[in-house]
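*Asks:* Before we start, here is the structure in question, set down as structure tokens.
The values are calculated or read from the model by the stated rules, or taken from the named source; none is laboratory data. Treat the numbers as computed from the prediction; the structure is a model and nothing was measured. Each accessible area value is taken on the protein alone, full model and side chains, heavy atoms only, with ligands, DNA and RNA left out. Shrake-Rupley method; radii C 1.70, N 1.55, O 1.52, S 1.80 Å.
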Amino acid sequence: MNPPIPVDIHQEVIKHLGSDIQTLRSYALTSHACAQVSQPYIFRIVNLTKRTSDNRSRYNQLHDLLKENPTLANHTRELYLSIGDDGHMIGRAGKDYIDVDDPELPHFLGCFTRLTKLSIKGRGVDRGTQKAVFEAQGLLVEAVTRLLGLETLRNLTLVSYWPFSVSLLAHAANVTDLQLHSNIFRMRDVGEQIHPTSPASSAQFKLQSHGARTRVPLSLSLKECHPDTVRALARLVRARAGVFEAHWIRKLVHVLDSDEDVDENVEIRSCCELLQAVATSQRSGDAEVECLSHLALDSGT
């Protein structure tokens, strides 16, 4: 019997294969030892947003695999999801997104506990039907809330996101890079985050920051977000509530909405509100620590 190949030799092979996932998969099938050293690289990035792929089939395959071996998700550091709704799909239903009504989706999301980067893109739902689609998705809200609250999570991107409550962002206490693209948040609870009316509601919005008192810098990017969303964020910034209880804005990038249905004057006013809120927050804080260092504004046209 030939002696086993040393682990350091396997590691050298992996280094040369780099990000060639297909080759890594083939390599992992050659032996148990090869599988052990390959798995952290194969599952490090899970991308279910590729336009050239049948993302739904890939999601089903990965979900079945994680059911058999859930520890594989411990290797995942970056997760990219495209989630849509077949019942409200604009045009024909596609295979490039995960169906939001899939009862296994919350369990699938719960497998990932060590993410450093999370991106969720909403597909196939127009603004008029978004709210109705997601108000019944209680388990999905819980699953997303747990992901946002991961201690390891640093980068969060929400694209065309459905209108979950803006209070969900308050759970992202450890995120340092937040990107919101074309989002409309439900804002009926903004005032509740700023002025809790009861001990229960206060606990509901309390950050899971493990006792940390020092706010950390945040890079905030807003691209074509609805003015109501920008205005809600401005209120939270000014009051140091919600996600801004744990963060202050160091870098701000704001690309205005190019949608013709959005009143340009309303959009400009909401942008001004946000800038004023950031300025007010800085003046009331430690000027040597909490200071905006980068600002970029784009008309989006």
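*Asks:* For the full complex of protein chains and a 1.4 angstrom probe, list ARG250, ARG77, ARG51 by accessible area with the highest value first.
*Replies:* Numbers: ARG250 110, ARG77 80, ARG51 200 Å².
In descending accessible area the options line up as ARG51, ARG250, ARG77.
*Asks:* Could you compute how much accessible surface LYS121 exposes when probed at 1.4 Å, giving the result in Å² to the nearest 10?
*Replies:* Probe radius 1.4 Å; accessible area of LYS121 about 70 Å².
*Asks:* Also: Give me the 1.4 Å probe accessible area per residue for region 221-280, excluding ligands and nucleic acids, in Å².
*Replies:* On the way: 2570 Å² over 60 residues.
Result: 43 Å² of accessible area for each residue.
*Asks:* Another question about this same structure. 5 Å is the cut-off here: which amide hydrogens, built 1.01 Å from N in the peptide plane, fall below it relative to ARG114, excluding neighbours closer than 5 in sequence?
*Replies:* Answer set, sorted by chain and number: none.
*Asks:* Can you sort THR113, THR280 by solvent-accessible area, 1.4 Å probe, largest first? Write down the numbers at each step before the final one.
*Replies:* Details: THR113 70, THR280 50 Å².
The ranking, largest first, comes out as THR113, THR280.
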